[in-house]
């Protein structure tokens, strides 16, 4: 049973975000290297996929442990050194697989929703 509290997002939306944000990070890293705060800001500001920085760092650590991203430390002119993340070959393969599955899933859901619309 789903429970909703006024002002809270539906449980299904949180689950959908949780299942897709990892691949959104991989997609962002496929374009260029980024540091954690930059990823968190992009995912929260533009798409509201991540609620806080505290969400992104455990995810990045898991991606690193799984060999999907690599990191390097770089000095920053604006404070302490930053850890930059970049996609590995395995991360690119995982992203490509997700894109194929996502498109098929999205298309199936769209077809059903369109068919269910009242005429």
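The values are calculated or read from the model by the stated rules, or taken from the named source; none is laboratory data. This is a predicted model, so every value here is computed, not measured. Note that each Cβ is placed from the backbone with ideal geometry, even for glycine, and that neighbours are counted across all protein chains shown.
Only one entry of 14, 40, 61, 77 meets the criterion of being over 21 Å from residue 97 (Cβ atoms) and exposed (fewer than 11 other Cβ atoms within 10 Å of the Cβ), and that entry is 77. Annotation: of all residues in the stretch 43-53 being modelled with pLDDT under 85 and in a helix (DSSP H, G or I), the one that is surrounded by the most Cβ atoms within 10 Å (Cβ to Cβ) is 53. Among the residues examined, residue 119 does not qualify as surrounded by fewer than 16 Cβ atoms within 10 Å (Cβ to Cβ) and either in a strand (DSSP E or B) or modelled with pLDDT of 95 or more (or both).
Scan the stretch 68-81 and give yes if some residue there is under 18 Å from the mean Cα position of the chain (by Cα), under 20 Å from residue 30 (Cβ atoms) and assigned to a helix (DSSP H, G or I), otherwise no. For the stretch 68-81, residues under 18 Å from the mean Cα position of the chain (by Cα), under 20 Å from residue 30 (Cβ atoms) and assigned to a helix (DSSP H, G or I): absent.
Scanning the stretch 82-97 for residues that are assigned to a strand (DSSP E or B) and either farther than 19 Å from residue 21 by Cβ or over 15 Å from the mean Cα position of the chain (by Cα) (or both) returns 82, 83, 84. Just one of the numbered conditions (1) surrounded by 11 or more Cβ atoms within 10 Å (Cβ to Cβ); (2) out of contact with any helix residue (DSSP H, G or I) (no Cβ under 8 Å at 6 or more places or on another chain) is not true of residue 30: (2). Can you confirm whether residue 100 is touching a strand residue (DSSP E or B) at 6+ places or on another chain (Cβ under 6 Å), part of a helix (DSSP H, G or I), modelled with pLDDT of 90 or more and more than 24 Å from residue 14 (Cβ to Cβ)? For residue 100, the condition - touching a strand residue (DSSP E or B) at 6+ places or on another chain (Cβ under 6 Å), part of a helix (DSSP H, G or I), modelled with pLDDT of 90 or more and more than 24 Å from residue 14 (Cβ to Cβ) - is not met. Considering only residues in the stretch 8-33 that are assigned to a loop (DSSP other than H, G, I, E, B) and closer than 15 Å to residue 48 by Cβ, the one that is modelled with the highest pLDDT turns out to be 10.
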